[in-house]
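Reading through the structure tokens given below for one structure.
The values are calculated or read from the model by the stated rules, or taken from the named source; none is laboratory data. Everything quoted here is computed from the prediction, not taken from an experiment. Backbone-built Cβ (ideal geometry, glycine too); neighbour counts: all protein chains shown. When the accessible area is computed, the model is the full protein with side chains, heavy atoms only, and any ligands, DNA or RNA have been set aside. Shrake-Rupley method; radii C 1.70, N 1.55, O 1.52, S 1.80 Å.
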Amino acid sequence: QVQLMESGGGLVQPGGSLRLSCAASGIMFSINTMGWYRQAPGKERELVATITRGGNTDYADSVKGRFTISRDNAKNTVYLQMNTLNPGDTAVYYCNADYRNRFGINHIAWGQGTQVTVSS
């Protein structure tokens, strides 16, 4: 089983920056796509950014030019660099990974989430 652990969340002022990290642990053969999602109070969970094993990225329109997703395949870790944060970015951020086990079966794992609050 694969587990994901997010870190790096916190409280920042508008215009500030944060870098989120998500490390995957457990038995796996390979991780295909990894991504970041977020959910604000009273709203549905939404896609923030995704990145394939080969480095192809996709971003939500609201974060293009401000957020950058990257990954370190050797460490099974995905990052989200968030710049020029505004109060609209306040949400719980979740890590996601699409992986394949040694038998070639695909699975999806989710982290528990890390709180990002942009205020003051």
Checklist entry - In the range 30-47, what residues are open to solvent by less than 40 Å² (accessible area, probe 1.4 Å) and more than 29 Å from Gly104 (Cβ to Cβ)? => result Arg38, Ala40
Next on the checklist: Can you report the number of residues in the range 84-96 which are part of a loop (DSSP other than H, G, I, E, B) and either touching a residue at least 60 places away in the same chain (Cβ under 8 Å) or open to solvent by 40 Å² or more (accessible area, probe 1.4 Å) (or both)?
Outcome noted: 3
Checklist entry - When you go through (1) part of a strand (DSSP E or B); (2) of a type in the set (S, T, N, Q); (3) in contact with a helix residue (DSSP H, G or I) (Cβ under 8 Å, 6 or more places away or on another chain) one by one for Thr68, which number turns out not to apply? => result (3)
Checklist entry - If we scan the range 12-19, do we find a residue that is assigned to a strand (DSSP E or B), free of Cβ contacts under 8 Å to residues at least 24 places away in the same chain and either among the basic types (Lys, Arg) or closer than 16 Å to Trp110 by Cα (or both)? => result no
Item to check | Filter result (out of contact with any Ser or Thr (no Cβ under 9 Å at 6 or more places or on another chain), outside any loop (DSSP other than H, G, I, E, B) and either modelled with pLDDT of 95 or more or more than 13 Å from Arg71 (Cα to Cα) (or both)) within the range 20-36 | outcome: Ser25, Gly26, Ser30
Checklist entry - When you look at Ser21, is it in contact with a Gly (Cβ under 7 Å, 6 or more places away or on another chain), closer than 18 Å to Val2 by Cα and either of a type in the set (Gly, Ala, Ser) or exposed (fewer than 13 other Cβ atoms within 10 Å of the Cβ) (or both), yes or no? => result yes
Item to check | Residues that are open to solvent by 50 Å² or more (accessible area, probe 1.4 Å) and of a type in the set (Val, Ile, Thr), drawn from the range 48-83 | outcome: Thr57, Thr68
Item to check | Every residue from the range 97-111 that is open to solvent by 20 Å² or more (accessible area, probe 1.4 Å) and either aromatic (Phe, Trp, Tyr) or part of a strand (DSSP E or B) (or both) | outcome: Asp98, Arg100, Phe103, Asn106, His107, Ile108, Trp110
